[in-house]
Amino acid sequence: KCGSCGGPGYASPLDAMKGPREEIIYIPCIYRNTGKKIPDFLATVDVDPKSPSYSQVIHRLPMPNVGDELHHSGWNICSSCHGDPTKSRDFLILPSLISSRIYVVDVRTDPRAPRLHKVVNPEDVFWKCDLGYPHTSHCLGSGEIMISTLGDPAGNGKGGFILLDAETFEVKGTWEKGPEVPPMGYDFWYQPRHNVLISTEWGVPKALGYGFNPNDLGKGRYGRRLNVWDWSSHRYIQAIDVGEDSAPLEIRFLHNPDASEGFVGCTISSAIHRFYKTRDGTWAAHKVIQVPSKKVQGWILPEMPGFITDILLSLDDRFLYFSNWLHGDVRQYDISDPKNPRLVGQVFVGGSISKGGPVKVCEDEELQSQPEPFVIQGKRIPGGPQMLQLSLDGKRLYVSTSLYSAWDRQFYPDLIR
């Protein structure tokens, strides 16, 4: 509903903040590693307070296969194509982290009851791209869909990108060009006005696939780099080291399209780094937030990191949010000075250190006592805060609890049950 433009989305992030309030949301729901041989599904949730089915799942769309591990989602077309009346945002892209399938879901015909439109088989991804384990899906201004991957078809680490045609959803090949590619992949974001794309690294798929093994640390199996690409030539040009086994995951540029900086959340090191363009045109990063570990008893290690798994920025670039999946808190920072983020909000929604659980906190730099359990309508909710999504107007933050089923099963068995 963007006035006279006729195209999808909004002319600017600030325009998007004036958009209508969301009424439904879509969320992938995972059955893999639960012991139930049932396909993952896409849930439609009613989030309209005026609706009689408010806060309820109103539709489930099961996938046709078992064991996919749905994870992130993206759109076929977005504000990158704002102003093009031939484009419309009406398909949801669902990459499968483990099976390497890519599902295309029709949300135009009936937004409250989506239907499956197309399945991109893993063989197409393997043969045309020599990639596997797809993760982040972004729509491009070219009308294409770009999906980052964690590795190659055999489960070795390899940072690459799948390109889909946004009309036919056929695999076109890889986005990257040239002989050099990063040793790992995960998330990415791009900023065309600065001719750059930056990607991140989680770990080697066949190492992390079955759970988190502390013995993998120090062996080069988890990521440590931000990988810089030339946007126009599609070539890998620079690596920024943010520390051994830091596992930089979610990366976000500021929304201002002229901005040449942003933030990345490092999971295992529990740090936020600000990345930025230097005067000589290269890119650099420095740490601006460090979540201290807590000394504990009753856990797999004597110290528990915060484990930052998702970050996001408000559309007006005022606030940075991130989730500590293990500690259990979601934090809000004022980033009006990006070099010096200031903590202005914190709420605990589950986690591993709440009162009454198996973990005893022996030493804590931040808290005087362990937080209360997370209870909704009398039920203690297991798991910790993971994926985040902010409403357009910045007034409501949606939080989900699953990280990745093999790790969920290991760290939050009650969440799996």
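Which residue is most open to solvent (accessible area, probe 1.4 Å), if the candidates are limited to segment 368-396 and must be basic (Lys, Arg) and more than 29 Å from Gly9 (Cβ to Cβ)?
Our first condition is that a residue be basic (Lys, Arg); within segment 368-396, this holds for 379-380, 395-396.
Then keep just the ones that are more than 29 Å from Gly9 (Cβ to Cβ); that gives 379-380.
Numbers: Lys379: 127, Arg380: 110 Å².
The residue in question is Lys379.
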Filtering segment 162-176 down to residues that are within 12 Å of Ile147 (Cα to Cα), among the charged types (D, E, K, R) and touching a helix residue (DSSP H, G or I) at 6+ places or on another chain (Cβ under 9 Å) yields Lys172
Of the conditions (1) over 30 Å from Leu315 (Cβ atoms); (2) in contact with a strand residue (DSSP E or B) (Cβ under 8 Å, 6 or more places away or on another chain), the single one that Gly211 does not satisfy is (2)
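Per-residue answers, yes or no, for (1) at pLDDT 95 or above; (2) more than 21 Å from Pro28 (Cα to Cα); (3) part of a strand (DSSP E or B); (4) open to solvent by less than 50 Å² (accessible area, probe 1.4 Å):
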{"site": "Tyr103", "(1), (2), (3), (4)": "yes, no, yes, yes"}
{"site": "Asp110", "(1), (2), (3), (4)": "yes, no, no, no"}
{"site": "Lys118", "(1), (2), (3), (4)": "yes, no, yes, no"}
{"site": "Tyr133", "(1), (2), (3), (4)": "yes, no, yes, yes"}
{"site": "Lys158", "(1), (2), (3), (4)": "yes, yes, yes, yes"}
{"site": "Gly173", "(1), (2), (3), (4)": "yes, yes, yes, yes"}
{"site": "Pro179", "(1), (2), (3), (4)": "no, yes, no, no"}
{"site": "Glu201", "(1), (2), (3), (4)": "yes, yes, no, yes"}
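Only one residue in Val344, Val330, Val399 is surrounded by fewer than 20 Cβ atoms within 10 Å (Cβ to Cβ), under 29 Å from Thr44 (Cβ atoms) and β-branched (Val, Ile, Thr). Which one?
Working: Val344 fails: under 29 Å from Thr44 (Cβ atoms); Val330 fails: surrounded by fewer than 20 Cβ atoms within 10 Å (Cβ to Cβ).
Within the list Val344, Val330, Val399, the selection yields Val399.
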Within segment 63-85, identify whether any single residue is surrounded by fewer than 18 Cβ atoms within 10 Å (Cβ to Cβ) and among the aromatic types (Phe, Trp, Tyr), and answer yes or no. no
Result of the Cβ filter at 6 Å on segment 62-77, keeping first residues that are under 20 Å from Gly209 (Cα atoms) and partners that are basic (Lys, Arg) and part of a loop (DSSP other than H, G, I, E, B), at least 6 apart or interchain, is Val66/Lys37; Gly67/Arg32; Asp68/Arg101; Glu69/Arg32
Those strands (runs of 3 or more DSSP E) completely within segment 266-306 that have 3 or more residues that are in contact (Cβ under 8 Å) with a residue 60 or more places away in the chain are 271-277, 294-297
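The values are calculated or read from the model by the stated rules, or taken from the named source; none is laboratory data. The shown structure was predicted, so the numbers you read here are calculated from the model rather than taken from an experiment. Note that we place each Cβ from the backbone using ideal geometry, even for glycine, and neighbour counts take in every protein chain shown. Keep in mind that these areas ignore ligands, DNA and RNA; they rest on the heavy atoms of the full protein, side chains included. Shrake-Rupley method; radii C 1.70, N 1.55, O 1.52, S 1.80 Å.
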